[in-house]
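Colleague: Before we start, here is the structure in question, set down as structure tokens.
The values are calculated or read from the model by the stated rules, or taken from the named source; none is laboratory data. The structure displayed is predicted, hence computed values, not measured ones. Here the Cβ positions follow ideal geometry from the backbone for every residue, glycine too, while neighbour counts run over all protein chains shown. Please note that ligands, DNA and RNA were not included when accessible areas were found on the heavy atoms of the full protein model with its side chains. Shrake-Rupley method; radii C 1.70, N 1.55, O 1.52, S 1.80 Å.
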Amino acid sequence: MADFKYELGADGVAVITWDVPEKSMNVMSLEGFALLDSFIDKALADDAVKGVVITSGKPDFAGGMDLNVIAEMRAGGAQAIFDGVMRMHTILRKIELAGMDPKTKKGGKPIATALPGTALGIGLELPLSTHRIFAADNPKAKIGLPEIMVGIFPGAGGTTRLVRKMGAMVAAPFLLEGKLSDPKKARAAGIVDEVVEDPLAAAKAWVLGATDADLVKPWDAKGYKMPGGAPYHPAGFMTFVGASAMVHGKTMGVYPAAKALLSAVYEGALVPFDQALKIEARWFTKVLINPSATAMIRSLFINKGALEKGANRPDVADQRVKKVGVLGAGMMGAGIALVSALAGIQVVLIDAAQEAADRGKAYSAAYLDKGMARKKVTAEKKEAVLGLITATTDYAALDGCDLIVEAVFEDPGVKAEVTAKAEAVIPEDAIFATNTSTLPITGLAKASKRPEQYIGIHFFSPVEKMLLVEIIKGRETGPVAVAKALDYVRQIKKTPIVVNDERFFYANRCIIPYINEGIRMVAEGVNPTLIENAAKMVGMPLGPLQLVDETSIDLGVKIAKATKAAMGDAYPDEAVDEVVFWMADQGRLGRKTKSGFYDYDEAGKRQGISAVVTDHYPQATDQPELTHVQHRLLMAQVLEAVRAFEAGVLEDIREGDVGAILGWGFAPWSGGPFAWLDIIGAGRAVEICEALTAEYGARFETPALLRDLAATGETFYGRYGEGQAATAA
Ligand code: NAD
């Protein structure tokens, strides 16, 4: 069975139907493209064909390019990529020119697209090459070019066509941010031409009535001017100057795709259309051979998808949750109740006082109200979601819950008490999960009658925004509990990683050393602005000092005290504590007190680094190099990730990379800590570690695994890319 079907109707319209066998969503392969090409040739050569409609045999049009194909193209090197991309341009350009006479622009065959639903990436670039796009009035459909989200940009003419169609300014959010729209919004923006009930019928009718002039794209007509002005036009000039600054401000220059996209648009705007396609292909090739693109596609698309689909799920029956009990209706509990109800799960939200439980439910009401104000939520939807949440103090309401998520105070005594109370009511086979961020799961499980059914489900704050959920197996946690947690995370549409139980699990284990390294530098007299900028310029969303201001200094004090108590003499962070305890003594607790490493204005808006901090920790005359600061900040996180993998806390580097990007925003351009080490090479990583160890001591010592990879010349993904555990090597 082939990816496309060709059928000539009695009305003279050839319908080319995209319907990739055994897939729920069409994706473009190289073979698919070749077949489409042959069908276009056939239609153009056949006198009986009056026009062509390209459509889909599935509820959606297409999800995009098969990214595995992109990986294959990349393996062939730059020339192979460029040639492959130019072949696609040739086919799409053939569709666009449709056999018309190049001089008179007459005699072409009209080709339209009928989109039943979602059309993404190449699934929109192909329609953009046709003469008219008809979309079904399907509010669930998503239309757009999301390539930038995985570190590439639309390289099959989407960039050049969209800019020529709507102008650089209007196209910017679709290209630079990968903005997706429903069909009506896509029509308002000028991406699709018509939104209709039956796009196939409308497209057929259109091709039968189309005139020669209907087939000539604006850029192929005489006197074409780019909407909003080309770069040398005064208005266009402003657009490009502004866009360049904006892109650099947002990406700090670390995302090669954004920069290349902008260059393709700018340079392409200066030359005729076919030349512009060639320029687009060159920049696309350059991005594709950059290791950042491979790493981003691998982590943010392929592996993220694999984890969401249950790559590491034990083989047990469906464990989807029907009724969840959430214990503790504070900041986390309220968010967990909300995301569960949004997924259609019945929720019992319990707190010690009815008022507190009601406040927790009110959080969902406020969230839905905001959605209604933005016209994203209907009154019925609000009622339905709130109707799923019962806020109460009565544990008897937990009867029938198949999952409990506990989010009471971070205190083992309180947690033990609510565990016992809930277990007295819930079914024997229910799973009990704790949202603790610091307490070992194995210890907390002692309060449970059924430790094999006890597990950690660690959410990040704010729950409704953060994409990652860390699932933690205690020593006795069994496979059904793991499957339950994974199925639940899938229901609430987040990305799971599954890790083993050790201090701070995975995400916090890596993020705490990052914050601490920033704080150490303050004590050493490194300019705090240099520290913060160094972090952002290597792709971290927040500098370490801003991050600790956001999470609060007193939380840092609390964690430091608890860690010290647990570790005794082995505790390595006295230098950090000196700064943090001093800040706490000053009452500078971070954003919540409007004073931390930064100053804040009355409204709580962050200003510059506080003079109180720089007065107390005067800046040294000799400041380190930017890359030196960056190496310290990155290695602090990355070495913890490697150690977590060596120790078996992480069982799969794919989880380590996806978790790092989604959990704490680790430099997404790099594809994650392991992918970053592969990009720089284990040999170079060892050199950096050795230099840092010589200067700062044991915390930068090279992990044995990294040394081993350097010795054999291997990479993490080369050795462990399919999800093998370190201990299995
Ligand atoms: P919170 O103080 O906002 O909420 C805790 C809630 O539990 C309060 O409403 C409290 O009234 C309730 N509670 C206390 N004892 C109770 C009892 N015996 N019975 C019923 N309810 C009781 O705290 P939070 O920030 O929501 O954190 C809750 C848990 O989630 C903690 O274990 C914390 O470590 C963990 N966590 C927090 C974050 C975060 O960023 N805040 C992130 C991940 C995990």
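Colleague: Pick out, from 342, 331, 442, the residue whose Cα sits farthest towards the positive end of the charge dipole of the stretch 323-502, with +1 on the Cβ of Lys and Arg and -1 on the Cβ of Asp and Glu.
Modeller: Checked the options; the winner is 342.
Colleague: Quick one: dipole size for the stretch 4-289, taken about the Cα centre, charges +1 on Lys/Arg Cβ and -1 on Asp/Glu Cβ, in debye to the nearest 20.
Modeller: Magnitude of the dipole: close to 860 debye.
Colleague: Compute the normalised compactness of the stretch 353-420: alpha-carbon radius of gyration over 2.2 N^0.38 Å, N being the residue count. Write down the numbers at each step before the final one.
Modeller: Values: Rg = 14.9 Å, N = 68, 2.2 N^0.38 = 10.9 Å.
Compared with the compact-globule rule of thumb, the stretch 353-420 sits at 1.36.
Colleague: A further question follows. In terms of the Cα gyration tensor, with a ≥ b ≥ c the square roots of its eigenvalues, is the stretch 277-416 rounded because a/c is under 1.5, prolate because a/b exceeds b/c, or oblate?
Modeller: Prolate, since a/c reaches 1.5 and a/b exceeds b/c.
Colleague: Here's another thing I want to ask about it. Taking each pair of different alpha-carbon atoms in the stretch 598-704 once, compute 1/r for the pair, average those values, and report the inverse of that mean as the Kirkwood hydrodynamic radius in Å to one decimal. It would help to have the intermediate numbers written out before the result.
Modeller: Details: mean 1/r = 0.0626 Å⁻¹.
Hydrodynamic radius (Kirkwood, Cα pairs) of the stretch 598-704 is 16.0 Å.
Colleague: Output the pairs from 23/473; 375/493; 370/558; 94/494; 140/415; 421/561 with a Cα-Cα distance over 32 Å in this structure; if there are none, say none. Mind dumping the intermediate values first?
Modeller: Working: 23/473 34 Å; 375/493 21 Å; 370/558 34 Å; 94/494 42 Å; 140/415 42 Å; 421/561 30 Å.
Check vs 32 Å cut-off fails for 23/473; 370/558; 94/494; 140/415.
Colleague: Per residue, how much space in cubic angstrom lies within the convex hull of the C-alpha atoms of the stretch 4-289?
Modeller: Numbers: hull volume 34.1 nm³, N = 286.
Taking only Cα atoms, the stretch 4-289 has a hull volume of 119 Å³ per residue.
Colleague: Round to a whole number: what % of the accessible area of the chain belongs to carbon and sulfur, probe 1.4 Å?
Modeller: Values: 16840 of 30520 Å².
Carbon and sulfur: 55 percent of the exposed surface of the chain.
Colleague: Can you give the Rg and Dmax of the stretch 323-502 based on its C-alpha atoms, in angstrom?
Modeller: So, for the stretch 323-502, Rg and Dmax equal 15.3, 47 Å respectively.
Colleague: Once phi is turned into θ = phi - 60°, what whole-Hz ³J(HN,Hα) does the Karplus curve with 6.51, -1.76 and 1.60 give for every residue of the stretch 138-146, x standing for Gly and Pro?
Modeller: Running phi through 6.51 cos²θ - 1.76 cosθ + 1.60 with θ = phi - 60° gives 10, x, 7, 6, 10, 10, x, 10, x Hz.
Colleague: Please list, short to long, the whole-number percent of alpha-carbon pairs of the chain in consecutive 20 angstrom bins beginning at zero.
Modeller: Going from the shortest bin to the longest, the percentages are 16, 43, 33, 8, 0.
Colleague: Provide, in order from the shortest bin, the percent of all Cα-Cα pairs of the stretch 546-651 in each 10 Å bin, continuing until the bin that contains the maximum pair distance.
Modeller: Going from the shortest bin to the longest, the percentages are 13, 32, 38, 16, 2.
Colleague: Additional query: Along the positive direction of the dipole of the chain (beta-carbon charges: Lys, Arg +1; Asp, Glu -1; about the Cα centre), which of 365, 451, 166 reaches farthest?
Modeller: Among 365, 451, 166, the one farthest towards the positive end of the dipole of the chain is 166.
Colleague: Okay, moving on. With charges set only on the Cβ (+1 for Lys and Arg, -1 for Asp and Glu), what does the dipole of the stretch 323-502 come to about its Cα centre, in debye to the nearest 20?
Modeller: 780 debye
Colleague: At a 1.4 Å probe radius, which order do 313, 588, 475, 320 fall into by accessible area, largest first?
Modeller: Descending accessible area places them as 475, 320, 313, 588.
Colleague: Which peptide among 458-466, 349-357 comes first, and what is the full order, when sorted by highest mean count of other Cβ atoms within 10 Å?
Modeller: Packing order, densest peptide first, comes out as 349-357, 458-466.
Colleague: From the Cα gyration tensor of the stretch 452-572, with a ≥ b ≥ c the square roots of its eigenvalues, which class applies: rounded if a/c is under 1.5, or else prolate if a/b is larger than b/c, or else oblate?
Modeller: Oblate is the answer for the stretch 452-572, as a/c is 1.5 or above yet b/c matches or exceeds a/b.
Colleague: So, one more: Using only the Cα atoms of the stretch 541-586, each taken as one equal point scatterer with no solvent, compute I(q) by the Debye sum, divide by I(0), and report log10 of the ratio at q = 0.28, 0.30 Å⁻¹.
Modeller: For the stretch 541-586, the Cα-only Debye profile gives -1.05, -1.12.
Colleague: For the stretch 267-309, which trypsin sites (Lys or Arg not before Pro) pass both filters: DSSP loop (anything but H, G, I, E, B) and at most 15 other C-beta atoms within 10 Å?
Modeller: Sites meeting the loop and neighbour criteria: 309.
Colleague: Sequence-distant or interchain residues sharing an amide H contact under 5 Å with residue 115, placed H: which?
Modeller: 134, 135, 136
Colleague: Let me ask something else about it. What are the DSSP H helices in the chain that stretch 27 Å or more along their long axis, judged by alpha-carbon atoms, and whose average Kyte-Doolittle hydropathy comes to at least 0.0?
Modeller: On the way: long enough: 77-97 (30 Å, 0.35); 354-373 (28 Å, -0.70); 626-646 (30 Å, 0.37).
Span-like helices in the chain: 77-97, 626-646.
Colleague: Can you tell me the accessible area per residue over the chain, all protein chains present, probe 1.4 angstrom, in square angstrom? List each step's numbers first, then the result.
Modeller: Values: 30520 Å² over 729 residues.
In whole numbers, the chain has 42 Å² accessible per residue.
Colleague: Charges at C-beta only: +1 for Lys and Arg, -1 for Asp and Glu. How large is the resulting dipole of the stretch 92-191 about its Cα centre, in Debye rounded to 20?
Modeller: Numbers: 16 positive and 7 negative charges, 84 e Å.
The calculated dipole for the stretch 92-191 is roughly 400 debye.
Colleague: Continuing with the same structure: How far, in nm, would the chain grow between residue 695 and residue 565 when pulled straight, counting 0.36 nm per residue and subtracting the alpha carbon separation?
Modeller: Extra length from residue 695 to residue 565 when fully extended: 44.0 nm.
Colleague: Assuming a ≥ b ≥ c are the square roots of the Cα gyration tensor eigenvalues, decide whether the stretch 1-115 counts as rounded (a/c under 1.5), prolate (otherwise, with a/b larger than b/c) or oblate.
Modeller: oblate
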